[in-house]
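Here is the structure we will look at.
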Amino acid sequence: MAVELGFEGSVIEMDNQIKELAALEAEGDVSFQLEIQNLTEKRDNLLKEIYNNLTPWQIVQVARHPKRPLFSDYIDGIFKGFIELHGDRNFGDDQSIIAGICTLEEEKVFIIGHQRGRDMKDNVKRNFGMPKPEGYRKALRVMKLAEKFNKPIITFIDTKGAYPGIEAEQRGQSEAIARNLFEMSKLKVPIICVVIGEGGSGGALALGVGDRLLMLSYSMFSVISPEGCATILWKDAGRAPEAANALRITAQDLLSFGLIDESIEEPLGGAHRNPELMTQTVKEILITQLKGLKRLSIKRLLDKRYEKFMGMGQMFKE
Amino acid sequence: MAWFNKPKYGLKAPDHRTEKPKGLWTRCFNCKEIIYNREWEENLRVCPRCGYHYRLNSKERIQLLIDQGSFQEHDKNLSSVDPLGFENLGQKYQDKLIQTQKKTGLKDAIVTGTGLIHGIKTELCVMDFSFFGGSMGSVIGEKIVRAIQNSIKQRIPLIIVSCSGGARMQEGVYSLMQMAKTCSALTKLADEKILYISVLTDPTTGGVTASFASIGDITIAEPNALIGFAGPRVIEQTIKQKLPNGFQSSEFLLEHGFIDFIVGRKELKNQLAQLLHFFS
């Protein structure tokens, strides 16, 4: 079933009409080619118009679209020979983070990412993509393995945030995140991080310290969820659209601030409309970026990573 | 038997964790005892009855820790800009900043500098809750980085006293990135094998706990401090039940293995000096 976003207007209706026409054509011998073509063109124009003018809050909705490709879709679409590596060797296996080894074309790489679920059952298993400390510790364990065997790391970020719960606090959510930030900033292998959906605060950043931070054009990255911000400022989560505006959480804004390295253009109407094209685009960009990073010596790579983070901040210096 | 239940009347005691008491007497937030203000101040803002530790501002904290007259402040004039053009109910973040600077006499929520602790030269960073809830924006990140660099340059130990609600959302992803920036700078300090002591005080939460504050070579806390990643209210909303007493307190952290020890305010300076001495 198609999921309708409020701002998509008659796009979904047109989608359905196109589908109906195609079905009719398949049944009988009347050709609707012309009608389908016209309608498709009309829909695409409408989509272009809508998606060229999305507000930040609308982008949040696209980033959270239930049909949006998940980390697992990128694993299937981009990499070959994936073997999942489980567990943090200390407490358990957090299913909201997937880690493993695979190849990107000829290159052997480690991949790690947040995994949300497609449906309720899956989401319960994945804890809605909100990791507990053991998830971050699994990620770090696997990253250290990558370093030991000198293989690049690619991370995929898609989380509302680290899980806020009793057991997460008991097991040191803060320490787990802090440790990842500390260790990732000195890992002696190239690290590329891609925000594919929601990049929620420290829980996202704990997989986001690397040489390149890329964002899909309709993904978001924020210090606090728009709902959380609205609740704190105005005691009203309903004013999240205003907060989304104020927080400057879009790829476009963050690119203009120099806080991310690249915004990856999504297919017409968002990644969920054409997951194959989306994964293909991401694949090509990963290959290019990795090639560039591999040209640098490890020392140069780490120096540049360090300088990049040291340069982040805006202030008056009297 | 509802008709026997007494309704709760009476005035709510002011929260002296955040505001300074006025007048002669104060009711303790924790034990509800009436305390003579001067006795309370002399006791370093620790309740003489129950031992509850109230918040110190940066000036009081520096006075407590540093040998008199030896503190030299650094980067005093670094101040925040408003990189996002953030506005809340028609009030610009930039205006709120200027207002807060006037009110507190601080440029941002941290004071950094060098000083002597029982004669041992130390780089000290002290966060101040009275400035935007001690929240971390670009200035805090930068000042901590510069303090770390100074530690390395002078080869002196680093102490950071945390007191913060977390990241400063008015600075958006800039503030989030300060978590990575500070942790990244700490790797250089570790490379140089210079001691970093993290002191957690009430409250230390969010992005500050989830970055530099949690990864000291030695991490210690004052008693009864609220320390955690997510705020108690956020957790209660998520799990839909009331949190147990003492959850996210210093004592809770000690029990779960995330701090080395808890030290009362009266003993803090001596303990720090002892650590500095041992690791020197």
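The values are calculated or read from the model by the stated rules, or taken from the named source; none is laboratory data. Just so it is clear, the structure is predicted and the values come from calculations on it, not from any experiment. Heads up, the Cβs are rebuilt from the backbone with ideal geometry, glycines too, and the neighbour counts pull from every protein chain shown. Remember, those area values only see protein heavy atoms, side chains included, never the ligands or the DNA or RNA. Shrake-Rupley method; radii C 1.70, N 1.55, O 1.52, S 1.80 Å.
Quick notes
- Any helices (runs of 4 or more DSSP H) falling wholly within the range A:243-318 and containing at least 3 residues that are under 30 Å from B:H74 (Cα atoms) and under 15 Å from the mean Cα position of the chain (by Cα): none
- The criterion of at least 1 residues that are surrounded by fewer than 23 Cβ atoms within 10 Å (Cβ to Cβ) is met by the following helices (runs of 4 or more DSSP H) wholly inside the range A:124-227: A:133-148, A:166-170, A:173-184.
- Evaluation of A:R68 against (1) among the basic types (K, R); (2) in contact with a His (Cβ under 8 Å, 6 or more places away or on another chain); (3) open to solvent by 60 Å² or more (accessible area, probe 1.4 Å) (one fails), failing number: (3)
- Selection count where residues are open to solvent by less than 20 Å² (accessible area, probe 1.4 Å), more than 17 Å from the chain's Cα centre (by Cα) and aliphatic (A, V, I, L, M), scope the range B:82-112: 2
Residues checked against (1) basic (K, R); (2) more than 30 Å from A:M130 (Cβ to Cβ); (3) open to solvent by less than 20 Å² (accessible area, probe 1.4 Å); (4) at pLDDT 90 or above:
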position	(1), (2), (3), (4)
A:E13	no, yes, no, no
A:I18	no, yes, no, yes
A:Y51	no, no, yes, yes
A:Q61	no, no, no, yes
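- The sole residue among B:T209, B:T187 that is surrounded by fewer than 24 Cβ atoms within 10 Å (Cβ to Cβ), among the hydroxyl-bearing types (S, T, Y), farther than 18 Å from B:I62 by Cα and free of Cβ contacts under 8 Å to residues at least 60 places away in the same chain is B:T187.
- Failed item, numbered, when A:L54 is tested on (1) over 24 Å from the mean Cα position of the chain (by Cα); (2) farther than 24 Å from A:G208 by Cα: (1)
- Boolean, A:L46 is closer than 21 Å to A:I192 by Cα and either modelled with pLDDT of 95 or more or not assigned by TED's automatic domain parsing to the domain that holds A:I249 (or both): no
- Pairs with Cβ under 6 Å, 6+ apart, first in the range A:153-175 and facing another protein chain (nearest Cβ under 7 Å), second open to solvent by less than 10 Å² (accessible area, probe 1.4 Å) and assigned to a strand (DSSP E or B): A:E169/B:G228
- All positions within the range A:247-291 that are among the aliphatic types (A, V, I, L, M), farther than 24 Å from B:G85 by Cβ and open to solvent by 40 Å² or more (accessible area, probe 1.4 Å): A:L268, A:L277, A:I287
- Residues satisfying the stated conditions in the range B:226-247, i.e. among the aliphatic types (A, V, I, L, M) and over 28 Å from B:K188 (Cβ atoms): B:L226, B:A230, B:V234, B:I235, B:I239, B:L243
- Residue in the range B:164-172 that is assigned to a helix (DSSP H, G or I), open to solvent by less than 10 Å² (accessible area, probe 1.4 Å), without any contact (Cβ under 8 Å) to a residue 60 or more places away in the chain and at the interface with another protein chain (Cβ under 9 Å from one of its Cβ atoms) present: no
Conditions tested, residue by residue: (1) assigned to a helix (DSSP H, G or I); (2) away from chain A (no Cβ under 14 Å).
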site: B:R49; (1), (2): no, yes
site: B:R61; (1), (2): yes, yes
site: B:L84; (1), (2): no, no
site: B:L97; (1), (2): yes, no
site: B:K102; (1), (2): yes, yes
